[in-house]
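Readers should treat all values here as calculations from the given coordinates under stated rules, not as data from a laboratory. Bear in mind that the values here come from a model prediction, so they are computed numbers and not experimental data. Cβ placement follows ideal geometry from the backbone for every residue including glycine, while neighbour counts extend to all protein chains displayed.
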Amino acid sequence: MAGQSGFWKSVSDAWNGVPVAGGDDGSRSGDDGGSGAPLPEVDFDAVCQSVRDGSAVIVDVREPAEYSVVSIPGSLNVPYTSHPDAMALQPHEFEQILGVTKPPTEGRRLVFMCASGMRANRAARVAKSAGYSDVAVYKGSMNDWVSRGGNKMKL
């Protein structure tokens, strides 16, 4: 549509299955960004399985406007750009700022995702340094989820 604002174009694109790429610089999740060895990555099938069986917490680090367009069912929105150190906050601070309960540092894997992987990689590193022992990054993140039809699946 001519004259469509960026937000509404994103909504329209996501609705029509076009990969959403806002907010990332195109770097992939395995890219260490100069801050250590690459983090473990998970793929689409592993994310679907985690959603079905609850074996992992999917942490979506996109901003709320992005998250409201399309999200993975049951994912936890912890926006990295506006709250880069959220995973290092004390649980009561985390809940006060974000309005959701902070995941415990042990017991379940945290899988970080964003639009393409860059913010997810950075947020996962913050979590790792804050004491989370089992963190991974969804390779391809929301771009992969949408391109594989995850946004249209009944999970």
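Tabulated results
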{"quantity": "For a label point 7 Å along the Cα-to-beta-carbon line of M153, residues of segment 63-98 with backbone N under 20 Å", "calculated": "67-77"}
{"quantity": "Highest-first arrangement of 75-84, 108-117, where packing means the average Cβ count within 10 Å", "calculated": "108-117, 75-84"}
{"quantity": "For segment 102-155 versus segment 32-78, the gap between their alpha-carbon centres in whole angstrom", "calculated": "3"}
{"quantity": "Highest to lowest packing among 47-56, 137-146, scored as the average C-beta count within 10 Å", "calculated": "137-146, 47-56"}
{"quantity": "Total formal charge among the other residues, if their Cβ is under 15 angstrom from that of K154, Lys/Arg +1 and Asp/Glu -1", "calculated": "+3"}
{"quantity": "Exposure proxy ranking, count of Cβ atoms within 10 Å, fewest first, for D45, D60", "calculated": "D45, D60"}
